[in-house]
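Worksheet: one structure, shown below.
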Amino acid sequence: MAELIDLVLLGMLAATALRVIFLRDLFAVVMLFGIYSFLSAAIFVSLDAVDVAFTEASVGAGISTVLMLGTLALTERKEKVTQHKSWLPLLVVITTGGALIYGTLDMPPFANPDNPVHHHVAPRYIEQSPQEVGLPNMVTSVLASYRGFDTLGETVVVFSAAVGVLSLLGIRRRREPASGLASESDNTGQADLSESDPGLRAHEVLRVIAKLIIPLILLFALYVQFHGDFGPGGGFQAGVIAAAAFILYALVFGIGSGFQVVSPNVLRWLTPFGVLLYAGVGVLCMLMGGQFLDYNVLASDPVHGQHYGIIAIELGVGITVFAVMLNIFYAFTSQTERVGQ
Amino acid sequence: MTMLMLAAVCVGILVIMGLALARAFSAPTVYDRILGVNMFGTKTVLFIAAIGFLSGRPDFLDIAIVYALINFIGMVAVLRFFEYTSPEDSKTTHLE
Amino acid sequence: MIMLEILSGFLLAIGVFFGLTGAIGLFRFPDFFTRVHSASVTDSMAAVCILAGLLLQSDFGLTAVKLLFILLFLLVTSPTASHALAKAARHGGLLSIPEHKHSVKGQD
Amino acid sequence: MMSVVLDYYNYWIVVFLMMTGFYVVISANNLVKKVVGLNIFQTSVFIFYISMGKVAEGTAPILAEGVEAYSNPLPHVLILTAIVVGVATTAVGLSLIVRIKRAYGSVEEDEFQDQDDLI
C-alpha cells in the first residue's frame, strides 16, 4: 500500500516536472513549481521524513513561490520563443540520465534495512540519543546536538544569503529613491509607502479573515518552535512560519503597514542576533569547561544541559531564519512597488 | 477493517489530486489554473491527515496545518501578483 | 465502538464522494464562475466530512485538537480564497457565459 | 524482474526528475525558468537522500512506544538544512535576475548576451 502511494505521488511529480518544460507562460511555471514542492513534501511524509516535509512545505512551497512571483512581477511574464537547437541539450540529458540509471543498478535495494547507510552512525543516533540527549525527536537531537557545528554553518549560510540579497537589491522605503539605496531610518518615507500601497483594498473579506488568522499563525509558530523537541518542527520551520505571518500581513495590508509592524531596522539587528546567540551558546560551553557546543556542561545534569543548549540554539536558528526570510521578502516586494506605479 | 477504509480514502483523495493536477496542467483561463492549484493544496492537507492515521502515527498533523497555511498565503500572493499585471496579460495566457 | 467505526466510514465515504464530484465539476462546468462554485462548495464539504471521519478515529487528545484546528482553518480560509479569486477574475474582466453571449450580440 | 523494478523505481524516478531539471537549466533561455529548473534538480537530490534513509516497516524517527524500527535520521538532518539553504540561494539567484533585468532590460539569455557582444 505504502509503495503504491509512493509510486503514484512520484508519478505526479514526474508529470509536473515534465509539464514545466513545455510551458511558456512563466506564471503557470511558478504555479506548477508550487505544486511540485507540495508533492515532494507529501513524498517526504510517505518516506517517514516528517521534519523534512515540514521544512519543504513551509520553505519550499511557501517562500520560494512568493519570491518567484515577486521576481515575475519585476521581470517578464512570458518566455520568448527562441531558435535554440533543442537536440543538443536533449542528447546530453539522455546520455547523462542513461549513465546514472546504469549507476543506480549498483545501489543497494530501496528500503532494505541491511543497506550500508543504516550501519555506520545511524544505529547510535537511534538507540542512544533518547538517553544521551533526552529528546524523543532524533532529528532534533542530531541537528542541534551531535551535528550542532554543522547547523551553525548552515545558519551562517542563510545569514550570508540575506546579506547577499540586501546588497544586491536593498530595501526601498520611499517611492522615489532619489538619494540612493536604503536610506537610514526615515519616517516620512514609510508614511509615503503606506499611502501609495494600500494592499488588497478591494478584497474586504480577505482583510478581515487575515486579521483573524495572523495571530493563530504566530501562535502556531511558537508551538512549532518549542514543540520541535517532541514532534516534527524546530527553529528552521518556526522561523519560516512566523515570517509567513508577517508576509501575509504585508501582502494584504501593503508593505508600508508591514514596515510599521516589523521595521527593517529591527530586522537588521535580529538577523545577526540569532547567529550570535547560537555561537554564544558554543562559547559559553567553552567558558564552562566543555568543548564548543558541548551542552553537557551547561547544567549539573548532562541531559538537562543538553536540553538548555538545544532550546537556546533552536531559538537562535528561529530568529535568524525569521529575520532572513522577512528581509528577503521586503527586498523583493519593495522593488515591486516601484515598478507597479 | 479500519486500515482498509483509510487506504481507500487515501486512494480516493489521490484520484481527486490527480484531477486537480490535470486542471492545473491545462486550464482554459489563468484563473482555472489557480483554482486547480488551490484545490490540489486543500486535498493534500486531507491526504496528509489521512496518511498519518494510515501509518498509525497521527501526531504528525502539524504538517497538514502548515500545508493549509501555506496554501492560503500562496493564494494571497497570487492575488497580489494580479494587481501588478495588466488584464490583457491574464487573458492572453489562456491562448497558450 | 463499532457504531463509531461505521459512522466514521460513512463520513469518510461522503467526503471522498464530494471531493470527486467537485473535481469532476472542475472539468464539466461551462464557465469559470460555475467552476469556482463547484470546486469551492464541495471543497468545504469534503474537508468537513473527511476530517470529522478522522476525528472519530482519533483518541480525542492532542490529535483531535489539531484536527479541529485544521477543520476550522480550512473552513475559514478555503471559502475566502475562492471568493477572492472569483472577485479577482471579475475585476480582471472575465465574463460569465450569459454575459459573454450578450456582449458578442452587442458587437454585431 | 518485478523485484528489480520495486527495488529501484524510486531511484529511477529521481534520475528522471534530475534530468528534467538539468534539461530546463541548459535549454531554457529565460533566467527565471532556469532557476525553476535548478530547484527541480535540487529537489530530486533531496528525494534521493530521503529514499536512502527509508527503512521498510520503519516509521518516522520520533520516539514512540511500541515501535521497533525507525528510518535513518541522518539524511533527514542533512536535507532539512539543505532545503533552507537552497531557498536562501534561490533568493540570491532571483535578486541577481532582478538586477540583470534592471541593467539590460531583459532576462532572456541570448538578448543580454547580444548586448554584451555589442560593447
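The values are calculated or read from the model by the stated rules, or taken from the named source; none is laboratory data. Bear in mind that the values here come from a model prediction, so they are computed numbers and not experimental data. So basically every Cβ, Gly included, is an ideal-geometry build from the backbone, and we count neighbours across all protein chains shown.
Worth a mention:
- Options A:ALA61, A:ALA53; residue that is among the aliphatic types (A, V, I, L, M), in contact with a Gly (Cβ under 7 Å, 6 or more places away or on another chain), surrounded by 20 or more Cβ atoms within 10 Å (Cβ to Cβ) and part of a helix (DSSP H, G or I): A:ALA61
- Qualifying residue in region A:251-262 (condition: surrounded by 17 or more Cβ atoms within 10 Å (Cβ to Cβ) and either modelled with pLDDT of 95 or more or closer than 18 Å to A:ALA61 by Cα (or both)): yes
- Residues that are in a loop (DSSP other than H, G, I, E, B) and under 16 Å from D:TYR49 (Cβ atoms) were ranked within region A:119-142; the one that is farthest from the other protein chains (Cβ to nearest Cβ) is A:HIS120.
- Evaluating A:PRO116 against the criteria (1) at pLDDT below 90; (2) facing another protein chain (nearest Cβ under 7 Å) leaves one unmet condition, (2).
- Any chance A:SER145 is surrounded by 17 or more Cβ atoms within 10 Å (Cβ to Cβ), at the interface with chain D (Cβ under 9 Å from one of its Cβ atoms) and within 30 Å of A:ILE313 (Cα to Cα): no
Table: residues versus (1) of a type outside the set (A, V, I, L, M); (2) out of contact with any helix residue (DSSP H, G or I) (no Cβ under 8 Å at 6 or more places or on another chain).
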| residue | (1), (2) |
| --- | --- |
| A:TYR36 | yes, no |
| A:ALA41 | no, no |
| A:ALA49 | no, no |
| A:MET68 | no, no |
| A:LEU88 | no, yes |
| A:LEU100 | no, no |
| A:PRO109 | yes, no |
| A:PRO123 | yes, yes |
| A:GLU132 | yes, no |
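- Of all residues in region A:300-326, those that are free of Cβ contacts under 8 Å to residues at least 60 places away in the same chain have Cβ atoms under 7 Å from Cβ atoms of residues that are outside any helix (DSSP H, G or I) and hydrophobic (A, V, I, L, M, F, W, C), 6 or more apart or on another chain, in A:GLY305/A:ALA299; A:TYR308/A:ALA299.
- Hits in region C:80-108 (condition: away from chain B (no Cβ under 11 Å), within 23 Å of the chain's Cα centre (by Cα) and not polar (S, T, N, Q)): C:ILE97
- Residue, farthest from the other protein chains (Cβ to nearest Cβ), within region D:80-104, restricted to residues that are out of contact with any Gly (no Cβ under 9 Å at 6 or more places or on another chain) and of a type in the set (Gly, Ala, Ser): D:ALA103
- Only one of the numbered conditions (1) within 8 Å of chain B (Cβ to nearest Cβ); (2) farther than 22 Å from A:VAL321 by Cβ is not met by A:VAL66, and that is (2).
- Some residue of region D:43-61 being more than 7 Å from chain A (Cβ to nearest Cβ), polar (S, T, N, Q), part of a helix (DSSP H, G or I) and within 25 Å of A:HIS120 (Cβ to Cβ): yes
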